[in-house]
Every structure is written in C-alpha cells, then in structure tokens.
Amino acid sequence: MAGSDIAVTGLGLVTPGGVGVGPSWDAVCGGRSAAAHDPLLADNQVRISCRVPDFDAEELLTPRKALRLDRFVQFALVAAREAIADAGLDPTTWDGARVGVVLGCADGGPGTVEAQHHVLRDRGAARVSPLLLPMQLPNMLAGQTAIEFGAQGPNLVVATACASGATAIGVARDLLLLGRCDIVLAGGAEAMITPLVMAGFAQMGALSRREDDPAGASRPFDADRDGFVAGEGAGIVVLERLADARARGAHVHGRIVGYGSTADAHHITSPHPGALGIEAAARAALADAGAAPGDVGHVNAHGTSTPLNDLAEARMLERTLTGSPLVTSTKGVTGHMLGAAGAVEAVFTLLSIEHGLVPPTANLTTPDPRIAVKLAFTPTYMSFDLALSNSLGFGGQNSVLAIARA
C-alpha cells in the first residue's frame, strides 16, 4: 500500500540513556540500565527511577524557558529541535499553516502541580504562580511546540496513558493521509517522576521493589521481574508523505505503513489476560500495511517488566505472528517512560530497521519459562523489512505501529 506510506524524515530523543538520538541509541544497544536511586524519592516507598542525565534546561533552551515551562514540555522542545534539524527543515521558511503537531502524554505537568500545591499550603493562595495552568495543562505540550516552531496546522495532544506516544504517531499519519497538513511533528513526552505520582504507582504494586539492585530492577520477560521502573523523556519524529519527502531529497529513516488502535474494555489497569485487544491492534496494523503475520522480522514489545503485561503480550505475539520475529524490550535500559514510551520505542524500532541492529533486552538472564517467543539477549545484527512497535496503556488502550524499511 505505497500510497499509504508515511516517511519518517527526522528523529529526536531525550531519554534516560542520554540527550539526543546518538547517546540514547548507544545506551539501549549497550544494554546499560539507567535506573538508580533517586534523591527526590527519598521519602517514598520505592526510591529508584530512570532519570534523563545531564539535562540542563537553561543551557539547552534558555533560562526564561527553563523557568516558564514544565519539564515534560522542555523535553519535547529539545527532542523536536533535533528531529527538525535531522529532517533538514527550517521552521523560519516552512509554510506553518501546513505543519501539524500531534503529541502524547499521560499526565501533563504533575511536577508543577505538586510544587505549587506546596506554595498554596505553606504561603497561601495569593502566592500561587499565574503560570500554574499554562505550565501543567497537557495541551500545552503541543501548544508550546507550535509556538516554538511556528506550526499553525492541526495541534493536538492525545492521552492514551502509556500508549500515548504511539497513538500520536498513528493520528499524525492519518492527518497526512487525509491531506490536512504536509508535515507533522509527532511523538510523546513525559515527566511524571514526582513523589506523589510515584507513591500512587507504588501503592498499586506496579513498581519494582529491587532497591538493592537498581540497575537490574527493570527486567522485561525475565522470570524474576517484579514491576516497572519509571522513566522520563521525549521522542519526536518528523512525518511527511513519502512522495513529498522524496521530492525534496530528504533522507528517509523508515516508513510508517500501518497503525492499529483498540480498547480492551476489560479493566482500569490490568491488560486483558488473553491480550485480545493488543492482538486486534496488531492484526489491524498488519492489515493496514497490507502485510502478513509472517512478514514481521522484529517486534519492539511494550515489555514493561510487570508480571501480567509481559506474559500476556508474549503469548499474543506467539499466536499472532509466524516466522519467529526477534522480540526485544528497551525498557530494561530506559525504564517505562509512560506516555513517551511508545514514541521513543518507535524511534528505536526505526533505528533498528535502518541499521539492521536489534538492541538487547537488558537484564534478561532467566526468561520466564512460560514465554516461547524468540527474545533478544544480546545486540543482534539482522536484516528485516517490517517491524511492529507495541504500546499498551491503563484503561486497556492499545496502539501498534507497523514500521517498514525506507
């Protein structure tokens, strides 16, 4: 279905592996976990996280933007700037009316909300910042990105929990196919590692308690997995219609050739035990791509390191795909980046197919014996033409992207 192909011409990342595509890709290929004890969580039940290292908003943006933008927006602007430069585009000369922004996040700016709640409690309502709402509202993720780069086309934020970043790329693809715009900045950003949010996850029993070994805590598909480690950051891609990208001589990293989105309609937090929703999304993405189950060479799995998710997803892949595609989860390195995860993992999938290199599943030492899919234990060089990137979210929301070689 070449007429439905959407080209990815720009990539941008801010992850716990580093600031930029290069450091992030090196970290996941090297299997270097970013998890560590987090001083800001010192009073929490779980005190480990995957933070973005050496992120200096004043230097990367400006002191004014560092003060006036929540961390999740800061991540997005830095990643978007890298993606736009990688695409060879100049926001000062593009037709802004034909440039859209579709970004995903699960929560917006909880760090700002918590900080201003302390101000309200300790100093009174008159001292609360007038920037509270412009900083924390989820829609400001796309709004501030549009302001920064002069993108005047469709401007959307989608919230499908931990599937948000992938959903945003799927929606952006639809806008391009409908002719609503010519370029879309798509992806996701998240900065939810705050004491309150992490306390909530801990109370749910979702987080790994392996505090004696933070670097080994996130271990997707491993028999000893006990929960996820929270991460933060952003992943942004520049999307264009393939014909437009080729006409301007752009480098194409890969193509988004299919998208599937479904709901489990089952439970507020647990995936469907039979993974029927994510299976339907995977089959829809393959059908959209005009591909067969045996065409998939690689899967970047959601692979959260939680007992329920990993088993259900692996069993779904086993019965849905043929040909034993190589499966990995990069969350062993980055942790679970929540609403940014799907976008970041889509970028990793694009890099895998472009470079012929599948990153390892970090910390996978003893696979769950109930899991039969072919898992990547080490960095693996291989050539393949089609990959899937899976994303699942609370509320039973599922998104699958089918990604093909350029």
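In region 382-394, is there at least one residue being surrounded by fewer than 24 Cβ atoms within 10 Å (Cβ to Cβ), touching a helix residue (DSSP H, G or I) at 6+ places or on another chain (Cβ under 6 Å) and not in a strand (DSSP E or B)?
Checked region 382-394: no residue is surrounded by fewer than 24 Cβ atoms within 10 Å (Cβ to Cβ), touching a helix residue (DSSP H, G or I) at 6+ places or on another chain (Cβ under 6 Å) and not in a strand (DSSP E or B).
Just to be sure before I move on: is residue 108 in a loop (DSSP other than H, G, I, E, B) and either more than 17 Å from residue 188 (Cβ to Cβ) or of a type outside the set (Phe, Trp, Tyr) (or both) in the structure I sent?
In short, yes.
Run down 8, 52, 46, 14 and say which single residue is in contact with a Phe, Trp or Tyr (Cβ under 6 Å, 6 or more places away or on another chain) and either loosely packed, with under 15 Cβ neighbours inside 10 Å or of a type in the set (A, V, I, L, M) (or both). Break it down into steps so the answer makes sense when it comes.
Numbers: 8 fails: in contact with a Phe, Trp or Tyr (Cβ under 6 Å, 6 or more places away or on another chain); 52 fails: in contact with a Phe, Trp or Tyr (Cβ under 6 Å, 6 or more places away or on another chain); 46 fails: in contact with a Phe, Trp or Tyr (Cβ under 6 Å, 6 or more places away or on another chain).
None of the others qualify; the one that does is 14.
Can residue 141 be described as part of a helix (DSSP H, G or I), under 15 Å from residue 110 (Cβ atoms) and touching a strand residue (DSSP E or B) at 6+ places or on another chain (Cβ under 8 Å)?
Taking the combined requirement at face value, the residue satisfies it.
Take residue 323 and tell me if it is small (Gly, Ala, Ser) and either touching a Phe, Trp or Tyr at 6+ places or on another chain (Cβ under 7 Å) or in a loop (DSSP other than H, G, I, E, B) (or both).
yes
Quick check: anything in region 339-352 crowded, with 18+ Cβ neighbours inside 10 Å, part of a loop (DSSP other than H, G, I, E, B), outside the structural domain of residue 227 (by TED's automatic domain parsing) and modelled with pLDDT of 95 or more?
No, that holds for no residue.
Kindly list the number of the only condition in (1) over 19 Å from the mean Cα position of the chain (by Cα); (2) under 29 Å from residue 244 (Cβ atoms) that fails for residue 169.
Here residue 169 clears every test but (1).
Filter region 247-294 for residues that are of a type in the set (D, E, K, R), in contact with a strand residue (DSSP E or B) (Cβ under 8 Å, 6 or more places away or on another chain) and closer than 19 Å to residue 163 by Cβ; which is surrounded by the fewest Cβ atoms within 10 Å (Cβ to Cβ)?
283
The values are calculated or read from the model by the stated rules, or taken from the named source; none is laboratory data. Bear in mind that the values here come from a model prediction, so they are computed numbers and not experimental data. Ideal geometry is used to build each Cβ from the backbone, glycine not excepted, and the neighbour counts take in all protein chains shown.
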